[in-house]
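The block underneath contains the structure these notes are about, expressed in structure tokens.
We did not get these values from a lab; they are worked out from the coordinates using the rules stated. Note that the structure is a prediction, hence the values are computed from the model and not measured. For neighbour counting, all protein chains shown are included, and Cβ atoms are generated from backbone atoms with ideal geometry for every residue, glycine included.
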Amino acid sequence: VYEGFHLDGTAMQSEEWPAAKVLMNGEVVIDEILEIVDLSGRKIPCSFNAGPIHDEDGNITGAVALFRDVTAERTAGMQLRKSEEKYRSLFNSIDAGFCILEVLFNENEMPYDYRFLEANYAFEKQTGLVDAVGKTMKEMVDGNEQYWFDIYGRIAKSGKSERFENEAKALGIYYEVYAFPVGEPEENRVGVLFNDITKRKKTEEKLIESESRFRTMADASPVLIWTIDAG
């Protein structure tokens, strides 16, 4: 019996049992996880630490052992894993592109690049960038516009989220973006949720161009032209 716990005698003689490693081989055991049964029959996961006791001649005469109940840690770990699994499932199920960036600053605290830390399945479809995680934007794309670095740098430093539309000219794509700070301020991390709106922007540009041509023609025409609301 060890402080309210009872151990199987056979297990105690086995070389697999951590105490046997100490007593038979003189090993030091650090944070080995065991499942111990208390006197009520309840199984408890414990962290086991132990070291040998030697006499003056260097012979092993015993061991010092410490058990620590890690039930709470295991429960918290399981809950964290479940939470991470749900997050990962949601992360990869959305159609919008999503990534987490680490904004890189120079010695003058000016943003000059960013590194991709995480990216969901839709990221590649939305950007055309393959295997981006761990790489910087400048490594992936030559000639990326400085205003992207400035925007994400501002968000990382200010701690304030922003919504905006902008063109990634190097990719030939317009994006609708929601960007927000992630983690601690000193980490300079920004989460980015984005959608390709190129088709919409091209349609808007064509409409503006058409209206401009009509306005030019109307202003140059000697004939009176007006529009009527059908309603």
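The charge dipole of the range 105-217, taken about its Cα centre with unit charges on the Cβ atoms of Lys, Arg (+1), Asp and Glu (-1) only, comes to about 540 debye. One compactness figure for the range 96-168 is 1.08, namely its Cα radius of gyration divided by 2.2 N^0.38 Å. Packing order of peptides 108-117, 40-49, 158-167, highest average first: 108-117, 40-49, 158-167 (average count of other Cβ atoms within 10 Å over each peptide's residues). Let's test the formula: R0 of 30 Å, r as the Cβ-Cβ distance of D95 and S158. What FRET efficiency results, to the nearest 0.05? Efficiency at R0 = 30 Å is approximately 0.55.
Checking the cross-link pairs K125/K157; K157/K202; K138/K202 against a 31 Å limit on the alpha carbon distance flags K157/K202 as lying beyond it.
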